[in-house]
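What follows draws every value from the coordinates through simple rules; no lab data is involved. All of these numbers come straight from a predicted model, not from anything done at the bench. Using ideal geometry, Cβ is built from the backbone for each residue, glycine included, and neighbour counts are taken over all protein chains shown.
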Amino acid sequence: MNALLEVRGLRRRFPSGDVGWLDVLLGVDAAVARGELVAVVGASGSGKSTLLHLLGGLDRPSGGEVVLDGTVFGSLDGDDLAALRARKLGFVFQFHHLLREFSALENVMMPLRILGWEPSRARTRAEEALAAVGLAGRMTHRPAALSGGEQQRCAVARALVHEPALVLADEPTGNLDHGTGEMVAEVLLRLTRELETAVVLVTHNRELARRADRVLALQDGHLSPLDAVGSPQ
């Protein structure tokens, strides 16, 4: 495998009152190829979001390492890690995290402006990204004026506008009704396939998970592969 993302012996523990420590991840190993879609499933509280935060450099592991496109996260200071996130990562969360005071267009322009794009160029690219998710007519609306599905499609456009190498999606349809969730999932999967972007997708939605190239289960602090019907191999 031509691995874009490698995870080696990843561990994460948290202080837990009188108990001392709560071990959430106990040595996770995984690799994701360029353009591959990997779904991660598991019970609530199993550590899926913790894993995603580590893969995105939003948290530091207690042990092990994350390597993205040859760069070891642990070798970077905070500023360099933030710069790597800005260039090579896109994020889609269950709750879209759009900035309420900005329009859809301004929200989608933001990753490009952070990367130093000139405003008119960033605007043109953001308009293209919003059109690609079906929001050409809603660009000037602020998040409060958008439906839940529109907000999440805007978040997808923001995650992909700079054509990242890897998108991390944490329950991207979990806050939506079935029909709207299917629409958002279709947009996300279509665009990432077109861009040949790797995706790690955390989901409780088994139908969505089945559309992935591989499905991994997080249980008892470890990742293990699932077969096509969702049973341990």
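Some observations on this one:
- Each Lys and Arg Cβ is given +1 and each Asp and Glu Cβ -1; about its Cα centre, region 7-80 then shows a dipole of about 260 debye.
- For region 96-128 and region 41-68, distance of Cα centres in Å: 27
- Amide N of region 190-212 lying under 13 Å from the label point, which is placed 7 angstrom from the Cα of GLU182 along Cα→Cβ: 207-208
- Cα-centre dipole for the chain with unit charges at Cβ (Lys and Arg positive, Asp and Glu negative), debye to 20: 300
- Length-normalised contact order for region 117-233 - Cα pairs under 8 Å, 6+ apart - percent: 18
- Placing a pseudo-label 7 Å from each Cα along the Cα-to-Cβ vector at ARG206 and SER75 gives an inter-label distance of 4.3 nm.
- In the elastic network of the chain, a GNM with C-alpha springs shorter than 10 Å, the most mobile of PRO164, PRO15, PRO119 is PRO15.
- Computed from the Cβ-Cβ distance with R0 of 22 Å, the FRET efficiency linking ASP18 to HIS222 stands at 0.25.
- Converting phi to 3J(HN,Hα) with the Karplus coefficients 6.51, -1.76 and 1.60 and the offset θ = phi - 60°, region 47-63 yields x, 4, 5, 4, 4, 5, 4, 5, 5, x, x, 8, 8, 9, x, 7, x Hz in sequence order, with x at every glycine or proline.
- Of ARG211, ARG11, ARG100, the one that fluctuates the most in a GNM where the chain has Cα springs shorter than 10 Å: ARG100
- The modelled label-to-label distance for the pair HIS141/ALA33, using points 7 Å beyond Cα in the direction of Cβ, is 4.0 nm.
- Region 60-154: chymotrypsin sites (Phe, Trp or Tyr not before Pro) falling in loop per DSSP and having at most 16 other Cβ within 10 Å: PHE95, PHE102
- Both the radius of gyration and Dmax for the chain are 17.7, 55 Å, in that order, over alpha-carbon atoms.
- Pairwise FRET efficiency - GLU101 versus LEU26, Cβ, R0 = 41 Å, nearest 0.05: 0.45
- Selection from LEU105, LEU22, ALA217 lying farthest towards where the dipole of the chain points positive, charges on Cβ: LEU105
- Value of relative contact order over region 3-226, rounded to a whole percent, pairs C-alpha under 8 Å and six or more apart: 30
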